[in-house]
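The values are calculated or read from the model by the stated rules, or taken from the named source; none is laboratory data. Since the model is a prediction, treat every value here as computed from it, not as a measurement. Methodologically, a virtual Cβ is constructed for each residue, glycine included, from the backbone with ideal geometry; neighbour enumeration extends over all protein chains shown.
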């Protein structure tokens, strides 16, 4: 069937740049859905946007829909009359038009093909009415009715052409036609569009570039060129490229300047002032430092080359930068510690106290992490000081204006008031990493504060039952969990995470119960008693209550009340949550889930570095022939043992055959070697010890019958297999490994 190109342009007042990408996707989705419902196949499709229009071109759209035949099954011929009447109403047929097939009525409805123009004439109003804008409006006299048309801005024109013919339709008083408008300032009068092929070219003549991608290229390349022509380098900002392209129909990048004195303000402030308030790019000098220049994107090809436009933009930016400099100077009149006093007036969460409460908890936890050597070379006092100042910039004028600069401004203010570089840097970077692609801090003090901040958040919200559920994670706890894992793994921190999480819980419970001392003692005992790693309980209790501390001698009975049990369960949930985040991170890094389970399900340590070293060694081993064959031998042994039931230790009598003796000798050597290697955290050596069992277990299965008629021989061999299984489990749970 021959086809024709279809053009649809929906013209309106300015469409916000931030809405244009979603609007293009929405237009394509709705058009395809309407065409599919009508039985029309849509091929190549182009969707464009400018500030004043959405445009769609469908290539080679069929001129008519195909005829179709639809068959509907109805009631039995013996059914009550009401059933038949309902079926006839549904199909629009009469009883004599139905087919009776073995006592069941069928309706065969033949739908003839339809002219595509007619389909489009119905579809266009449907698309417009169904369009989902983040925000929309009604206008004119009709806006008094809730049934009136809604659009992002007042809809002013519709162009609808199939081939060279107009598709006639009307909605909200706007009728379709072949007339559009060009650039608001560079074009006057109507522009007649004959067909889709000439649409983009005719608008270009009217100073409108309809292809948003082309405009983005002009903005990006043009901004870089005007900067380079002045010996400067554009600071790349793809989001700003897209935004400027969405604000202009004829983009013209221009270079402007501002006074050198403003460079005394931090560069991040200048860039945000230019970007957020004015949509300007900033530039660097030859040394890579921020220069006193900016690039604005004009929507007019000015006759004077843009001199007056640049002058106007320079005045506007100067006023903005003056405000920023004022904030910078006013904020420094008070030290951060004084600013921090206002944090008590900001609620962190109604159940978790103020931001000042959180800061106090984070400071104590950061000091604890440093003092216990969990972050090597970290000064506990510096960690505590950095944490105490970490949120102070939240109440400064600058962060009030630019919330994106929280942390960054705190770092500048800390350095300006003479704080040590390690402290200033920690204040600046303690929010990192914010996402998986973000830089992970490596400076000791920053690591301690960042860990403390995120652990406090995680533990706090778990303790008040605000943990993530399904797709809901309002407090970004999954992100915090991943960040904790990244800080530990990338920096190789030898940290028992459950022990540190318990300390974080102490701080949170102190806020929740407002330091009710005896209750806190009971909470500690309850949490420790119910931890899922009993090996750590004694260490945790000794840490929380040293033998000679007042709390140890307070006489508080270790009575586990219901609240204690609940808090203990929450600590286990926190640990499990972090392990799940670790598994997610490792799976995304290419580690198979079964290898993670093989280590995580067996190992009692909560030292993440050790866990991952073990997983890495197991992954390398399983990639070898020895690993694959040993797994096969393990699964065979496990199946035999499962069928045999309870197995006694292998008797000390002589081995029945050389194959038995060889496996026994191999186990005698491999078991202690693997155990010693695991204890020494030499996991590659532990895998090598397991590899030494590969040949003996293969020879064993090839040379003997395990279920020997002789009861003593059978018991001996089952005992060997049980020892083999236990030897393997000393390194990893091979039952979890697929293959």
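Listed values, structure above:
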| quantity | calculated |
| --- | --- |
| Candidate set from the range 284-302 (those that are part of a loop (DSSP other than H, G, I, E, B) and closer than 13 Å to residue 185 by Cα); member that is modelled with the highest pLDDT | 299 |
| Cβ pairs under 6 Å, 6+ apart, first in the range 212-223 and modelled with pLDDT under 95, second in a helix (DSSP H, G or I) and surrounded by 15 or more Cβ atoms within 10 Å (Cβ to Cβ) | none |
| Whichever residue in the range 115-138 is out of contact with any strand residue (DSSP E or B) (no Cβ under 8 Å at 6 or more places or on another chain) and part of a loop (DSSP other than H, G, I, E, B) and, among such residues, is nearest to residue 65 (Cα to Cα) | 132 |
| Residues within the range 589-641 that are under 12 Å from residue 737 (Cα atoms), out of contact with any helix residue (DSSP H, G or I) (no Cβ under 7 Å at 6 or more places or on another chain) and not in a helix (DSSP H, G or I), tallied | 1 |
| The range 233-252 - residue that is under 35 Å from the mean Cα position of the chain (by Cα), touching a residue at least 40 places away in the same chain (Cβ under 8 Å) and not in a helix (DSSP H, G or I) and, of those, farthest from residue 25 (Cα to Cα) | 233 |
| One residue from 323, 357 being in contact (Cβ under 8 Å) with a residue 40 or more places away in the chain and farther than 30 Å from residue 493 by Cα | 323 |
| Residue 70 being outside any helix (DSSP H, G or I) and under 30 Å from residue 279 (Cα atoms) | no |
| Enumerated helices (runs of 4 or more DSSP H) restricted to the range 659-739, each holding at least 1 residues that are more than 23 Å from residue 614 (Cα to Cα) and either free of Cβ contacts under 8 Å to residues at least 40 places away in the same chain or under 47 Å from the mean Cα position of the chain (by Cα) (or both) | 694-703, 711-729 |
| Restricting the range 368-388 to residues that are touching a residue at least 40 places away in the same chain (Cβ under 8 Å) and part of a helix (DSSP H, G or I), the residue that is surrounded by the most Cβ atoms within 10 Å (Cβ to Cβ) | 386 |
| Flag for residue 502 being part of a helix (DSSP H, G or I), at pLDDT 75 or above and buried (at least 18 other Cβ atoms within 10 Å of the Cβ) | yes |
| Among (1) more than 36 Å from the chain's Cα centre (by Cα); (2) closer than 17 Å to residue 52 by Cα; (3) in contact (Cβ under 8 Å) with a residue 24 or more places away in the chain, the one test that residue 179 misses | (3) |
| Matching residues in the range 401-414 - criterion: being in contact with a helix residue (DSSP H, G or I) (Cβ under 8 Å, 6 or more places away or on another chain) and surrounded by fewer than 24 Cβ atoms within 10 Å (Cβ to Cβ) | 401, 402, 404, 405, 406, 407, 408, 412 |
| Members of the range 415-460 that are modelled with pLDDT under 95 and in a helix (DSSP H, G or I) | 459, 460 |
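Okay, residues lined up against (1) assigned to a helix (DSSP H, G or I); (2) touching a residue at least 60 places away in the same chain (Cβ under 8 Å); (3) at positive phi; (4) loosely packed, with under 15 Cβ neighbours inside 10 Å:
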site: 185; (1), (2), (3), (4): no, yes, no, yes
site: 189; (1), (2), (3), (4): no, no, yes, yes
site: 199; (1), (2), (3), (4): yes, yes, no, no
site: 204; (1), (2), (3), (4): yes, no, no, no
site: 207; (1), (2), (3), (4): no, yes, yes, no
site: 210; (1), (2), (3), (4): no, yes, no, no
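The rows are residues; the columns are (1) in a helix (DSSP H, G or I); (2) over 29 Å from the mean Cα position of the chain (by Cα); (3) loosely packed, with under 13 Cβ neighbours inside 10 Å.
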site: 310; (1), (2), (3): yes, yes, no
site: 313; (1), (2), (3): yes, yes, no
site: 317; (1), (2), (3): yes, yes, no
site: 320; (1), (2), (3): yes, yes, no
site: 323; (1), (2), (3): yes, yes, no
site: 330; (1), (2), (3): yes, yes, yes
site: 338; (1), (2), (3): yes, yes, yes
site: 357; (1), (2), (3): yes, no, no
site: 361; (1), (2), (3): yes, no, no
